[in-house]
Structures are given as C-alpha cells and as structure tokens.
C-alpha cells in the first residue's frame, strides 16, 4: 500500500455534500471579502503588487483593477453554487499563483505585506503560504467532489451500477 493512499490505490476524497458546502462557503467567502477590500482601494492594492517587484510596471494597475473582480466573481459563484467546477479551478489557479509569488518574494528577501485583504493585510511570510495551501486543499476538494458527482450522474444515465466505495 502506498503511503497516504487507502488500499486499492484510491485517493481519499471528501464526499459529504454538507462538508463540501461548508468548504465552498469558506473559500468563496474569503475570496469575496478579499476582492471587495481590494476593489474599495485599487491604488493601495496596486502598491502591494508593486512591492513584490515581479510584474512589469505597465501591468500593475491593470492587475489591481481586474484581479479583485475575478476573486469576487469566483468566490461568489462558489457561494451560490454556480459554475462550481470552473470556480474551484479558477480559485485553485489563483492560489497556486499567490503561493508562488509569496514564495518567490521570500526567496528574494523581499519584506512586504501580502496585499491579500487591503489595509487589513498581513506580512507575506511562510504562515501565509500555509494558509493559502489550506485554501488550495479546500478548492481541490470542492473540485474533486464535483468531478465525482458528475461521474456518478453519467453512470446513472448509462445504466451502469454505482462504483463500490471501500
């Protein structure tokens, strides 16, 4: 048996629809809140982006205007249960980008605020990477739950018996 996997080579998956709903509300709420705070003060968010010393100057304000709306829409869709798979993928990709950006800033010795929650932001450090990693796990769990739900629906339509869960 492989380490971290149950017998049979399957990855453990969260299947409870209520737990997946709670995860959707948590992840969606965090992204709606973070995006709304950035929308309220795009100049402050643009400064936070600039502090990472990664993006070309010409793109910083564009990112500061667009990214918060992407966060609000992705989070809102997760909360409302609309486009759950697409929203989970979008948020997971954003989180991978955020984790990479913070990690790169730490490796380069850049001491900055994360810019995550506007003026309520905290320092970009390893604990932020861990928090984003947890949100990433939640997002991937939501995505996996949606994929399994779609597969089960397809099997029912095809008339094949449901897979046994061990």
Considering residues of the range 133-142 that are over 16 Å from residue 32 (Cβ atoms) and touching a residue at least 12 places away in the same chain (Cβ under 8 Å) only, the residue surrounded by the fewest Cβ atoms within 10 Å (Cβ to Cβ) | 133
Taking into account only those residues within the range 81-108 that are free of Cβ contacts under 8 Å to residues at least 12 places away in the same chain and assigned to a helix (DSSP H, G or I), which is farthest from residue 136 (Cα to Cα)?
-> 107
Looking at this structure, is residue 60 without any contact (Cβ under 8 Å) to a residue 24 or more places away in the chain and surrounded by 14 or more Cβ atoms within 10 Å (Cβ to Cβ)?
-> yes
In the range 73-101, the residues that are closer than 20 Å to residue 122 by Cα and over 12 Å from the mean Cα position of the chain (by Cα) | 100, 101
Any residue at all in the range 87-104 that is exposed (fewer than 15 other Cβ atoms within 10 Å of the Cβ) and either touching a strand residue (DSSP E or B) at 6+ places or on another chain (Cβ under 9 Å) or within 14 Å of residue 47 (Cα to Cα) (or both)?
-> no
Would you confirm whether any residue within the range 111-128 is surrounded by 14 or more Cβ atoms within 10 Å (Cβ to Cβ), modelled with pLDDT of 90 or more and not in a loop (DSSP other than H, G, I, E, B)?
-> yes
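The values are calculated or read from the model by the stated rules, or taken from the named source; none is laboratory data. On a predicted model such as this, the values are computed, not experimentally measured, just so you know. Counting neighbours? That spans all protein chains shown, and the Cβs are built from the backbone with ideal geometry, glycine included.
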